[in-house]
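Novice: Let me give you the structure first, and then I'll get to my questions.
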Amino acid sequence: MMARVIGKKAIKGINSILNFAVLTVIVLVSAFAVYALWDSKQVYNAADKSKYAIYKPTVENEGKSFMELQEINPEVFAWLSVYGTNIDYPMTQGKTNMKYVNTNAEGQYSLTGAIFLDTENSMDFSDFNSITYGHHMEKKTMFGEIGEFLDKNMFDTHRYGNLYYDGKEYGIEFFAFVHADAYDRTVFTPAVSQETRQDYLDNLLAKAIHIRDVGVTAEDRIILLSTCSASSTNGRDILVGRITDKVYMDPFLKDQTIVEKENTNTIDPGGTVIGIPWWVVALTVVITIRLIVLIAEVFRKTKRKQYDVN
């Protein structure tokens, strides 16, 4: 009889310990989930183009706001815009290509990094091929929209961009979308020589998924916007454009204003809620409900033990 009582108490003790352990794990997982949600939102907020909007050079301010950013970080030297997208950022160039992988345009450590020009390129874009890099991020931040040019309609309807440097604006006319391996030196060799320009251009067009005939020659200056591809580990999506003295008007200006207003909704078409993946929200809800049920169960058992004792 005594052994049976001791056995029951031991089982109850083990159950209590297990319940406590489960509760602890759930609390920790819930806390981690909440932190992950917060941290993810902070990262995307830091990468959003609106963070740098106050520094964008305009005709009205004669580039004074841009010079303020250059005072904060002297390695900022240009501004890149792709019309009809959220790509509207300052450009940097570090002493190595690794610096701005985890450093933002204000010179601060950030997982968002910055848009940066290859260290072997000239900052006046005098090279035949200037290669720029940016992280592929969700929520259409940084170079997150480059991969969308794989869609033919996206490529056909988004033809122009703008490049500001040395106190002057230049146009960009996009003519190719290329998918290449990150280690393909026939693509990722900046500032090719005069003698190899035509071969470089021919190779680029041969690898292109989409091409627009704008009459690009080896005498032009081209810019490559490169980012990681979602389709392969070492793949890179590259939007290629010609730098022109002609400055193109932004045909999406009115539409962009409408889009920005629409994007204030808490739910977007991508299946996310205020920038949070739906599955994370669902998991948090399930864990919270489970936590409440376990707490109620422990409370019920505690009351039952008190009743049995009394």
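Novice: Only one of these is in contact with a helix residue (DSSP H, G or I) (Cβ under 8 Å, 6 or more places away or on another chain) and either among the polar types (S, T, N, Q) or within 26 Å of His136 (Cα to Cα) (or both): Ile222, Ile243. Name it.
Specialist: Selected residue: Ile222, the only one of Ile222, Ile243 that is in contact with a helix residue (DSSP H, G or I) (Cβ under 8 Å, 6 or more places away or on another chain) and either among the polar types (S, T, N, Q) or within 26 Å of His136 (Cα to Cα) (or both).
Novice: Please indicate, with yes or no, whether at least one residue in region 79-91 is surrounded by fewer than 22 Cβ atoms within 10 Å (Cβ to Cβ), farther than 26 Å from Pro251 by Cβ and either modelled with pLDDT under 95 or of a type outside the set (Phe, Trp, Tyr) (or both).
Specialist: no
Novice: Please go through region 87-108 and give me each residue that is in a strand (DSSP E or B) and under 14 Å from the mean Cα position of the chain (by Cα), ordered by number.
Specialist: Asp88, Tyr89, Thr103
Novice: Another question, then. In region 128-157, how many are out of contact with any Asp or Glu (no Cβ under 8 Å at 6 or more places or on another chain), modelled with pLDDT of 95 or more and surrounded by fewer than 19 Cβ atoms within 10 Å (Cβ to Cβ)?
Specialist: Selection size over region 128-157: 6.
Novice: A follow-up question, please. Tell me, yes or no, whether region 116-126 has at least one residue that is out of contact with any strand residue (DSSP E or B) (no Cβ under 6 Å at 6 or more places or on another chain) and among the β-branched types (Val, Ile, Thr).
Specialist: Scanning region 116-126, I find at least one residue that is out of contact with any strand residue (DSSP E or B) (no Cβ under 6 Å at 6 or more places or on another chain) and among the β-branched types (Val, Ile, Thr), so the answer is yes.
Novice: What are the residue pairs meeting all of these: first residue in region 202-221, first residue part of a loop (DSSP other than H, G, I, E, B), second residue surrounded by fewer than 16 Cβ atoms within 10 Å (Cβ to Cβ) and modelled with pLDDT of 95 or more, Cβ atoms under 6 Å, and 6 or more apart or on different chains?
Specialist: Qualifying pairs under 6 Å: Ala218/Gln198.
Novice: Could I ask something else about it? Condition (residue is in the same structural domain as Phe149 (by TED's automatic domain parsing) and surrounded by fewer than 15 Cβ atoms within 10 Å (Cβ to Cβ)) applied to region 221-229: is it met by at least one residue?
Specialist: The answer is no; no qualifying residue exists.
Novice: Quick check: anything in region 103-119 within 19 Å of Asp220 (Cβ to Cβ), among the charged types (D, E, K, R) and in the same structural domain as Gly63 (by TED's automatic domain parsing)?
Specialist: yes
The values are calculated or read from the model by the stated rules, or taken from the named source; none is laboratory data. A quick note: this is a predicted structure, and the numbers were derived from the prediction, not measured. Every residue, glycine among them, receives a Cβ derived from its backbone with ideal geometry; neighbour counts consider all protein chains shown.
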